[in-house]
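**Student:** Take this structure, written in structure tokens, and hold onto it; I'll ask about it next.
The values are calculated or read from the model by the stated rules, or taken from the named source; none is laboratory data. No experiment lies behind these values; they were computed from the predicted model shown. Neighbour counts are summed over all protein chains in view; Cβ atoms, including those assigned to glycine, are modelled from backbone coordinates with ideal geometry.
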Amino acid sequence: MDTAKLETKTQQVIDDYIKDLDRYTFEQLIMKPDAATWSLGQVYIHVWMSAKGFFFKKAEQCLTKEGAEQGKRKNWKGVVVFLMGKMPNVRVKMPEKIAVEPKQPESKEQLIAKLTEIKELSTSYIGRIKDADPSFKARHPIFDYLNTAEWIALCNMHFRHHEDQKKRIREHFGW
């Protein structure tokens, strides 16, 4: 895996999220199209929570080898996602057991701080890929087993995957 390219792509997608905040007032960021749909601010909180609490935790398991396994692979869904380099443009409902509805953000500044934190963490994890044993993998609930580099790449794909959701929210409100 080309870690320099991964870092550039990851930094760019996060920078785009940060820059995109200039388009909205805080009031717009917390507006929900309906009771069952997230606001833009909740999408931001979700990508932060997922990066920090899921993708990077799984990458850390692979790096430390604690909770990671050897001799495991991605399933066909995982293979397809990594061949395409992106998640499919479909809505995914997380299993209730692991689903968490993100809270509304407190401010734009909070969102910027959280995304900046993810930029810094992603740089740190990408820098550690070279020292990772790619045979150690942690299980993903949909794609099966991924190694450190794959977890970081999937985090990047996850940010890009939510661009469509952001677009649907903007279109709903005519922004």
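**Student:** Among Gly127, Gly78, which is the only one that is over 14 Å from the mean Cα position of the chain (by Cα) and surrounded by fewer than 18 Cβ atoms within 10 Å (Cβ to Cβ)?
**Tutor:** Sole residue among the options that is over 14 Å from the mean Cα position of the chain (by Cα) and surrounded by fewer than 18 Cβ atoms within 10 Å (Cβ to Cβ): Gly127.
One line per residue, one yes/no per condition, for (1) surrounded by 15 or more Cβ atoms within 10 Å (Cβ to Cβ); (2) farther than 20 Å from Trp48 by Cβ; (3) at pLDDT below 95; (4) of a type outside the set (Ser, Thr, Tyr):
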site	(1), (2), (3), (4)
Lys74	yes, yes, no, yes
Met87	yes, no, yes, yes
Ala99	no, no, yes, yes
Pro105	yes, no, no, yes
Phe159	yes, no, no, yes
Asp164	no, no, yes, yes
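**Student:** Which residue is farthest from the chain's Cα centre (by Cα), if the candidates are limited to segment 2-39 and must be hydroxyl-bearing (Ser, Thr, Tyr) and closer than 14 Å to Lys108 by Cα?
**Tutor:** Thr25
**Student:** For Gly71, all conditions in the list (1) in contact with a strand residue (DSSP E or B) (Cβ under 8 Å, 6 or more places away or on another chain); (2) outside any helix (DSSP H, G or I) hold save one; what is the number of the exception?
**Tutor:** (1)
**Student:** State which residue pairs qualify: first residue under 14 Å from Ile112 (Cβ atoms) and inside segment 2-27, second residue polar (S, T, N, Q) and at pLDDT 95 or above in any location, beta carbons under 8 Å apart, and separation of 6 or more residues or different chains.
**Tutor:** Taking only residues 6 or more apart or on different chains, the pairs are Ile14/Ser122; Ile18/Thr116; Phe26/Ser107.
**Student:** Also, I was wondering about something else. Out of Lys137, Lys167, which single residue is in contact (Cβ under 8 Å) with a residue 12 or more places away in the chain and either in contact with a Leu (Cβ under 6 Å, 6 or more places away or on another chain) or farther than 13 Å from Gln61 by Cα (or both)?
**Tutor:** Testing whether each residue is in contact (Cβ under 8 Å) with a residue 12 or more places away in the chain and either in contact with a Leu (Cβ under 6 Å, 6 or more places away or on another chain) or farther than 13 Å from Gln61 by Cα (or both) leaves just Lys137.
**Student:** Taking the residues in segment 58-68 that are in a helix (DSSP H, G or I) and of a type in the set (A, V, I, L, M, F, W, C) as candidates, determine which candidate is surrounded by the fewest Cβ atoms within 10 Å (Cβ to Cβ).
**Tutor:** Per the criteria, the residue is Leu63.
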